[in-house]
Every structure is written in structure tokens, then in C-alpha cells.
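The values are calculated or read from the model by the stated rules, or taken from the named source; none is laboratory data. What you see is a predicted model, and the numbers here were worked out from it, not measured in a lab. Ideal geometry is used to build each Cβ from the backbone, glycine not excepted, and the neighbour counts take in all protein chains shown.
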Amino acid sequence: MPRLLVIGGSDAGISSSLRARELDPSFDVTMVVADRYPNFSICGIPYFISGETPDWRDLAHRTREEIDATGIELLLDTRATAIEPSERTVELMDARGTTEMVPYDRLVIGTGAVPIRPDIAGIELEGVHLLHTMDDTFALNDRLADAEAAVIVGGGYIGLEMADALSQREMAVTVLEQLPSVMTTVDPEMGELVGRELRTHGVEVRTSATVRRITQEGRALQVAGDGFDAVTADAVLIAVSVRPDTALAASAGAELGVRGAIVVDRGMRTGIANILAAGDCVETWHRMLQRPTYMPLGTTAHKQGRIAGENAVGGDRVFAGSLGTQVVKVFDLAVARTGLRTAEAAEAGHDPLTVETEGWDHKVYYPGATKMTVRTTGDRRDGRLLGAQIVGHRNGQVAKRIDIAAAALYSEMRVEELSDVDLSYTPPFSSPWDPLQVGAQAWAQAAASGSGSEVSTALR
């Protein structure tokens, strides 16, 4: 029986394992998991910390028993420490330190990413946490049991989700962001809306703030640096970014590329015979830029893992590419983006125009209507849609609308063609012209008038 060995038990690992078993049950599929928590939702950690998902076990996409039922063999608390491609073996070490060489016919590397540890003096102190694994989560949760104040270093997705979570525990929360605005994956204008939402809910937001050191006096931690007054807290969370975990693959001879991620082709092959890789440890083909980039997203990891599993058992599937489609909840806001922003589009050789519109998520006469801000980016030369960003109420179907834009980008539609799409309408959910279509019409008008690269319109 041929053996598929999968290193990693998160999104890419489980997706590749399940797809391989689905297509060719003759393969013996073994998944090597470094901890005791296979197929857990790392994206769900903030909701456990907040108490919205009180039982951490509910973060498991599948239970151990459900995975076993698929025929996948699980090796928990086991680390892959070396790969020998010429011998087609992997050295595994269990929790006791015992090692063994395990053979494979095909290998999928899904080692994911690890948090970046910035150069901050005192980052090793007790009470300073980086959040990535379930064990990290339990350690942070224990620290927060009697904490009253927390500092979050980093104003990106994870940092802001955690600001929301800790505020729900009635803690005083300070967010320190090195750049001029939070949520830098969207335009600064959108980041300002997010910052305003944080402050409305009592979060202290300090931008252009560079953390240099953390000191401790008793249980209290003091965070100091440039651009802000020192802050004292009971817990500090470092959430600046992640980097691909590629040491194992590199030691086996895998080529590294963008930001040190593993170079793969669009079939997720590494260039080493019989070895594939997927997820947050690999480069991602950008559908619009037509080149590899580094884009660690759970949705992408699932798609890449599925392709790796299919090709590992004889398939020839190709990854269609990512648009960087993302959405996040920050208190009562949903913040979403897809495709390219103005600067990214210009760098890629487009002639971008971005138009901002503000409207209502549904008909104003139906109770509960809320404002929604849409930024539409297109190319003035050919009218092609390049990207979209949306900030609105979390009940305003922001995710649905960014997915419409993503589908339009996938199909290489022109901005004006968004107005022709037959979208659903009823007063509680939208208007005859959806806010996304209003944005497209405003973009077409601005493009025809020869406006500059940024245009903002009034509420409609």
C-alpha cells in the first residue's frame, strides 16, 4: 500500500489528507501533528478568549474520532525533525524524545507559519504572549484570569480581533501600532473608521508607536518605546505578523522564495521529487499580479492543501490563484477587502482610480439600516475592476458583498459590468441598486470625468 505522509495537522494538512483519501483510498495516509490538537480553528481563538465560544473543544473542525473514521492515521505530539528525500524517509520524534525513520511514497509539507518575535527587550518575560497554538491560547487564558489591563502590540487582524475579545472580558485594552493607522491591509481611510470603532468601545489606540522594551515590577508589565507614553498592564500580547515555518523543508533542499516561503508550482510541487507543500509555509500565486507572493490565509491553505492531496495521489490539479479576499469583525464593524489597492495596482502597471462611496446596507425605511463605506478600484485604461474594500456594520452583509467583488475579479469583469449583475433585493437586505453597484456607477462617472486617483462621494 503506497504511503502519503503529511506533516502538519492544520488547514493545509487536513485538506490534503482528506482529499487524498477521498480520491484514492488505497493510499495509507498518515498525518504528523506537532501538538495534541489536530484540525483546530486557529481563527476561532479570539472567540474562545472572549467567552463567546466558552468550550475550547468546539474549536475543533473535526474530532479525533471523526478523523480516525476517514482512515487517516494521526501521530499526535510528534515532530518531523529531518527529511531524507533520497531515501524517501522522515525522521519523527515523539513527546518522549524517541525518534524513528518513517518511509513515504509521497510527502506533503504543511508546517504553516509562526509568529514573528520582534526585537523588543523583555519579550521573554512572564506575561508576554505570542498567540498561535492551542497551548499558547491556554497560557494566555490562564494569565487573563485575574487581569484587568492588557497591551496588544500590533494593529492587524489578530491584534484587533483580540482587542475586541479582551474588551468583552471588561479589560482595559491598549493597542500599539507602529504604522500611522491600524488595519493596514485596507486603505488608511478605512483604517481610520476601524480606529474610531475601537475608541468608541473604550480601546486606547496609539499609532506611529514603536515598542522598544518591556519591563516587569511584581506582576505588572510596563511597555515603553517611541511615539507613546509608557503603558502598564497585566498581560502583553505580541501580534505583529507571521513568517513561514520552513526550516524543515529548507534542510531537505527545498527552494525558498518570497519572504522565505517554500517555492512551489501551481500544482503545489516543491521541485523535490515526491514532495509537495501547501498552506502558510509556501508562496501563493496571486491571480491578478500573476506572480507568487506570500499570503497566509486559512481559505488559501485549505485550497492549496486540497490540490496537494489530489496531486500527491496522481492528480494534476492547478491552483487558480488568490485575490487576498479577507473579512474581519472588529466590535460592531465588518472590514473586508479583495484584489488590489491603489498603490498595489499602480506598482503592477495599472492606471488605478479608487472611488469611495457611502450608502445604506438596506432600505432606510426598514428598521436597522446602517451606513456602509465602499472603495472601488479600477483601471482607467480598460475599465477593469482591480479591487474593492468595504467597511460596514457586522450585520450588514459585508462578507456577501466582498465575495461578489471577488467573483467579479475572478471573472476579470469591468467595473461597469457590476451594475449588470442580477443581484437579489428585498428592503430588509439591500436596495434595488446594491451598495457595490452604486460604487461601480460612481467609479464609471469619475473615470469618465477624468478625476484624479482618489474620489469620495456623499451618502446616497
Give me the pairs: first residue in region 182-195 and outside the structural domain of VAL153 (by TED's automatic domain parsing), second residue polar (S, T, N, Q), beta-carbon distance under 6 Å, and six or more apart or on different chains, which are they? none
Quick check, is ALA440 assigned to a helix (DSSP H, G or I), without any contact (Cβ under 8 Å) to a residue 24 or more places away in the chain, farther than 20 Å from LEU333 by Cβ and not aromatic (Phe, Trp, Tyr)? no
Report, ordered by the first and then the second residue, all pairs with beta carbons closer than 6 Å, sequence separation of six or more or different chains, a first member in region 409-428 that is under 14 Å from GLN445 (Cα atoms) and modelled with pLDDT of 95 or more, and a second member that is among the basic types (Lys, Arg) and surrounded by 15 or more Cβ atoms within 10 Å (Cβ to Cβ). ARG414/ARG384
Boolean, ILE49 is part of a strand (DSSP E or B), β-branched (Val, Ile, Thr) and either more than 19 Å from ALA249 (Cβ to Cβ) or touching a Cys at 6+ places or on another chain (Cβ under 8 Å) (or both): no
For region 253-264, enumerate the residues that are small (Gly, Ala, Ser), surrounded by fewer than 19 Cβ atoms within 10 Å (Cβ to Cβ) and assigned to a loop (DSSP other than H, G, I, E, B). GLY253, GLY257
Does ASP187 satisfy the criteria of being under 24 Å from the mean Cα position of the chain (by Cα) and closer than 20 Å to ILE45 by Cα? no
Where residues in region 42-93 are more than 22 Å from GLY112 (Cα to Cα), out of contact with any Phe, Trp or Tyr (no Cβ under 7 Å at 6 or more places or on another chain) and hydroxyl-bearing (Ser, Thr, Tyr), which of them is surrounded by the most Cβ atoms within 10 Å (Cβ to Cβ)? SER50
Report the residue count in region 280-329 for those that are closer than 26 Å to GLY155 by Cβ, in a helix (DSSP H, G or I) and aliphatic (A, V, I, L, M). 1
Which one of GLY271, GLY267 is assigned to a loop (DSSP other than H, G, I, E, B), in the same structural domain as GLU52 (by TED's automatic domain parsing) and in contact with a helix residue (DSSP H, G or I) (Cβ under 8 Å, 6 or more places away or on another chain)? GLY267
So which of ALA172, ALA121, ALA147 is surrounded by fewer than 16 Cβ atoms within 10 Å (Cβ to Cβ), of a type in the set (A, V, I, L, M) and not assigned by TED's automatic domain parsing to the domain that holds GLY392? ALA121
Tell me the residue from GLY368, GLY315, GLY383 that is out of contact with any strand residue (DSSP E or B) (no Cβ under 9 Å at 6 or more places or on another chain) and surrounded by fewer than 18 Cβ atoms within 10 Å (Cβ to Cβ), please. GLY315
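Return the only residue of LEU131, LEU160 being in contact with a helix residue (DSSP H, G or I) (Cβ under 8 Å, 6 or more places away or on another chain) and at pLDDT below 95. Full working, then the answer.
Working: LEU160 fails: at pLDDT below 95.
So the residue among LEU131, LEU160 that is in contact with a helix residue (DSSP H, G or I) (Cβ under 8 Å, 6 or more places away or on another chain) and at pLDDT below 95 is LEU131.
Going by what's in this entry, would GLY155 be described as assigned to a strand (DSSP E or B) and at pLDDT 95 or above?
Details: assigned to a strand (DSSP E or B): no; at pLDDT 95 or above: yes.
Criteria not met by GLY155.
Out of the residues in region 330-367 meeting the condition of being in contact with a His (Cβ under 8 Å, 6 or more places away or on another chain) and part of a loop (DSSP other than H, G, I, E, B), tell me which one is farthest from ILE402 (Cα to Cα).
First pass over region 330-367, keeping only residues in contact with a His (Cβ under 8 Å, 6 or more places away or on another chain): 331-334, 340, 361.
This time we only want the ones that are part of a loop (DSSP other than H, G, I, E, B), so: 331-332, 340, 361.
Details: PHE331: 19, ASP332: 17, LEU340: 13, ASP361: 13 Å.
Among them, the one singled out is PHE331.
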